[in-house]
Amino acid sequence: MDADVSSTAELLRALGNEHRLTILDWLSDPRAHFPAQRDGDLVTDGVCVGFITDKIGLSQPTVTNHLQYLSKAGLVTSKRIKNWAFYRLVPERVEEARAALARLALPVQRP
């Protein structure tokens, strides 16, 4: 399979869930969506999984699973500080994702 096609498929799997899209939106402007953290800067270090879990209202294992999908697609990166995992957006990959989705634009068949 073509590496570009495989990467695009991975990306589409990651984006194919409303919770993951919501998390990406929040991580695109973390200061607007999350309170200041005791450990780690919201922008440079990322947002603590606990904050994301509290805000989205899902269990911590479910949120971690969603973040792993996003990480596998390269849309977020993680960092450990003390006992916590922090996630932040990878803006360059988000732009690549936008370009990949634009390339997938299929012609609309009209009756």
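Candidates are the residues of the stretch 17-36 that are closer than 21 Å to residue 81 by Cα and surrounded by fewer than 15 Cβ atoms within 10 Å (Cβ to Cβ); the one that is nearest to the chain's Cα centre (by Cα) is 28. Residues in the stretch 59-84 that are surrounded by fewer than 16 Cβ atoms within 10 Å (Cβ to Cβ) and either of a type in the set (A, V, I, L, M) or in contact (Cβ under 8 Å) with a residue 60 or more places away in the chain (or both): 72, 81. Among the residues here, residue 59 does not qualify as among the hydroxyl-bearing types (Ser, Thr, Tyr) and closer than 30 Å to residue 102 by Cβ. Can you pull out every residue in the stretch 82-111 that is touching a Cys at 6+ places or on another chain (Cβ under 8 Å) and modelled with pLDDT of 95 or more? Matches in the stretch 82-111: 85, 86. Taking the criterion of being under 15 Å from the mean Cα position of the chain (by Cα) and not aliphatic (A, V, I, L, M), the residues of the stretch 56-77 that qualify are 62, 64, 65, 66, 68, 69, 71, 72, 74, 77. Checked against the criterion of being closer than 27 Å to residue 100 by Cβ and either in contact (Cβ under 8 Å) with a residue 60 or more places away in the chain or out of contact with any strand residue (DSSP E or B) (no Cβ under 8 Å at 6 or more places or on another chain) (or both), the candidates 54, 25 yield just one match: 25.
Considering the conditions (1) touching a Cys at 6+ places or on another chain (Cβ under 8 Å); (2) surrounded by 13 or more Cβ atoms within 10 Å (Cβ to Cβ); (3) not small (Gly, Ala, Ser), residue 39 is excluded by exactly one of them, (2).
The values are calculated or read from the model by the stated rules, or taken from the named source; none is laboratory data. Treat the numbers as computed from the prediction; the structure is a model and nothing was measured. In this analysis, Cβ positions are derived from the backbone assuming ideal geometry, glycine residues included, and neighbour counts consider all displayed protein chains.
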